[in-house]
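The next block holds one structure in the form of structure tokens; read it before the comments.
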Amino acid sequence: MRVVRSSARASAPGKLVLFGEHFVVYNNTAVLAAINRRVNVTVHVNNTDNINITSDLGLIGSFKDSRFNLLSGPQETRAILAPLCECARLVLSERGCNRGLDIDLVSNLPESVGLGSSAACCVAITAAVDALFHKPDRYWISEKAVESERLIHKDSSGADCHISTFGGLMYFVKNEGFKKIYSKKQLSLGLINTGRKHSTGKLVSSVKKFKETNVSLFKVLTLFSEIISQKAFVAISEGDEKTLGNLMNQNHVLLQEIGVSDKKIDELINICLTKGAWGAKLTGAGGGGSIIVSFPPNNYELKVFLDSLGKSELGGQSIPVKVDFSGVLVA
Ligand code: MEV
């Protein structure tokens with residue numbers, strides 16, 4: 001295919017796993033929401049063979065075949081940018097085209113804290129590069145973005161790329177696909193970024209070890225996770241946030257059991273519950289990362305607590321979020 005334009009832009013939202021993280025890797029249900037924080041990508045065709053990537057995290061590098069030239073950033077810059085370069089190369093190769101590109105990434109999505117920044121980068125890069133050739137198709141974008149995300153975390157269920165591509169609220173099963181969930185009500189969700197970064201790949205591997213050494217227990221936990229996700233689907237559809245909160249608490253116990261929560265996360269969750277939250281749980285891979293809280297919209301005590309987080313010794317930061325219904329956007 002030939003490029004029909006010399007530049008393109010795309011943006012893709014981050015996500016919250018509302019229910020079923022980790023169990024979704026083993027083909028069980030996850031329930032997800034896209035959030036109104038995005039990764040923005042601009043792609044320009046250049047007249048070299050190089051793929052140059054600039055990120056607003058201060059990382060700049062240039063790839064030529066297998067060689068890498070570090071222009072700005074720490075030692076790990078190559079490891080961070082290489083999968084993003086491969087993501088662009090995958091689209092170029094699928095379109096039978098070998099051009100150099102300048103790729104710029106600007107994000108208002110905190111990275112490595114369970115909010116789907118890697119997936120959003122893969123989705124936005126896939127969409128922007130494909131838009132150089134034609135109007136991209138969302139199913140194709142999500143499929144290719146998952147392939148690229150697996151270079152970052154090899155056992156990815158693909159859930160994050162799907163929600164980032166399609167937006168909204170979603171019921172997802174790895175080998176079966178997804179269906180959208182339509183809620184009667186706008187969900188009032190709080191989000192706490194603990195500020196502690198994690199590696200999703202390492203946490204998924206630790207859960208794999210847990211599964212292999214606790215075969216029967218993992219089967220039981222999986223069964224509970226599935227029941228919780230099914231009930232959550234109904235509760236979201238009906239806008240029953242109290243039940244949703246309760247299910248979050250139940251889901252968090254499962255995540256504690258498989259070893260991905262920690263004292264700090266549990267402490268923050270307990271404070272939210274004592275201040276009247278309907279429920280709370282870690283979201284995403286865990287091991288730090290982020291916490292979601294479901295609470296009555298008129299609970300000012302909890303709102304004040306969330307707002308105070310950045311200034312208290314508990315650490316963490318409250319991030320106001322809403323569900324994003326747009327998914328990937330191409331310009
Ligand atoms: C990460 O956002 C969610 C996990 O279930 C991993 C995955 O689904 O690939 C922990």
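Rounded to 0.05, the FRET efficiency of the Asn108 and Asn27 pair, given R0 = 25 Å and the Cβ-Cβ distance, is 0.15. With a cut-off of 8 Å between alpha carbons and a minimum separation of six or more residues, what is the relative contact order of the chain in percent? Across the chain, relative contact order equals 25 percent.
Computed over neighbours whose Cβ is under 12 Å from that of Arg38, the net charge equals +2, Lys and Arg +1, Asp and Glu -1.
Here Asp137 and Glu257 are evaluated by their C-beta separation; at R0 = 45 Å the FRET efficiency comes out at 0.65.
With contacts taken as Cα pairs under 8 Å at a separation of at least 6 residues, region 105-235 carries a relative contact order of 23 percent.
Treat every Asp and Glu Cβ in the chain as -1 and every Lys and Arg Cβ as +1, leave all other atoms uncharged, and give the resulting dipole magnitude about the Cα centre to the nearest 20 debye. Walk me through the intermediate numbers first.
Numbers: 38 positive and 31 negative charges, 58 e Å.
Its charge dipole is roughly 280 debye.
With Cα atoms as the point set, region 189-320 shows a radius of gyration and Dmax of 15.1, 45 Å. Take every pair of alpha-carbon atoms less than 8 Å apart whose residues are at least six positions apart; their mean separation over the length of region 128-181 yields a relative contact order of 23 percent.
Along region 190-196 the Karplus relation, 6.51 cos²θ - 1.76 cosθ + 1.60 evaluated at θ = phi - 60°, assigns HN-Hα couplings of x, 9, 10, 8, 5, x, 8 Hz to successive residues, with x for each Gly and Pro.
Shown here for region 1-50: trypsin sites (Lys or Arg not before Pro) in loop regions (DSSP other than H, G, I, E, B) with at most 12 other Cβ atoms within 10 Å, namely Arg2, Arg5. Within the listed set Asn108, Asn47, Asn27, the Gaussian network model of the chain (springs between alpha-carbon atoms below 10 Å) gives the highest mean-square fluctuation for Asn47. Across region 285-294, coupling constants 3J(HN,Hα) worked out from phi with the 6.51/-1.76/1.60 Karplus curve, θ = phi - 60°, read 6, x, x, x, x, 10, 10, 10, 10, 10 Hz, and Gly and Pro carry x. Think of region 189-320 as a dipole: +1 on every Lys or Arg Cβ, -1 on every Asp or Glu Cβ, centred on the Cα centre; then among Gly190, Phe218, Val204, Val204 lies furthest on the positive end.
Where does the longest stretch of the chain lie that holds no GluC sites (Glu not before Pro) found in a DSSP loop with 14 or fewer other Cβ atoms within 10 Å?
Details: sites that count: Glu76, Glu176, Glu313.
Value returned for the longest uninterrupted segment is 177-312.
Looking at the chain, the DSSP beta bridges with both ends there are about 90 percent antiparallel.
Applying a DSSP loop filter and a limit of 14 other Cβ atoms within 10 Å to the chymotrypsin sites (Phe, Trp or Tyr not before Pro) in region 285-331 leaves Phe325. A Stokes-Einstein calculation at 4 °C with viscosity 1.567 mPa s, built on the Kirkwood radius of the chain over Cα pairs, returns a diffusion coefficient of 64 µm²/s.
Taking +1 at the Cβ of each Lys and Arg and -1 at the Cβ of each Asp and Glu, which of Ile258, Met248, Gln230 sits farthest along the dipole of region 189-320 towards its positive end, judged by Cα position relative to the Cα centre? Working it through, the farthest residue towards the positive pole turns out to be Ile258.
Rule-based calculations on the coordinates, nothing more; no lab input. Model, not experiment: these values are computed from the prediction. Neighbour counts are summed over all protein chains in view; Cβ atoms, including those assigned to glycine, are modelled from backbone coordinates with ideal geometry.
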